[in-house]
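Below is one structure, written out as structure tokens; comments come after it.
Bear in mind these aren't lab numbers, they're just calculated from the coordinates by the rules spelled out. Everything quoted here is computed from the prediction, not taken from an experiment. When we count neighbours, we look across all protein chains shown, and the Cβ atoms used for this are built from the backbone with ideal geometry, even at glycine.
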Amino acid sequence: MYHVYVLQSLKNGRRYVGFTSQDVQSRLKQHHSGTNRWTKQNGPFRLLRIESFPDSRTARARERFLKSGHGREFLNQTFPSAL
């Protein structure tokens, strides 16, 4: 399975959209440990959403959508409060 996930920074309310084939909780631990520069500067995070897909192509397409203008609008409507 492939997963697209949305994190929200508890520090500043910004969102992070990611893609993984790993267990999402394991990936979240990696983000909290600061393995990525952006997540190191903006953590800690709370997990807002997980979507699972049977193939990487569909998951990548969903990740791209959530990072687009329409995708950000969708996330703003789904999660209206900053924190």
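Where in the chain are the strands (runs of 3 or more DSSP E), entirely inside, with at least 1 residues that are at positive phi? Reasoning before the result, please.
Numbers: elements: 2-9, 15-20, 45-53.
Of the strands (runs of 3 or more DSSP E) lying wholly inside the chain, none has at least 1 residues that are at positive phi.
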Write out, first by first residue and then by second, each pair whose Cβ atoms fall under 6 Å of each other, whose residues are 6+ apart or on separate chains, and whose first residue, in the stretch 21-36, is farther than 19 Å from A59 by Cα while the second is basic (K, R) and part of a helix (DSSP H, G or I).
-> G34/K40
Hits in the stretch 33-57 (condition: more than 12 Å from the chain's Cα centre (by Cα) and surrounded by 14 or more Cβ atoms within 10 Å (Cβ to Cβ)) = N36, N42, G43, F53
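Take the residues in the stretch 58-72 that are of a type outside the set (G, A, S) and under 15 Å from the mean Cα position of the chain (by Cα); name whichever of them is nearest to G13 (Cα to Cα).
It comes out as R72.
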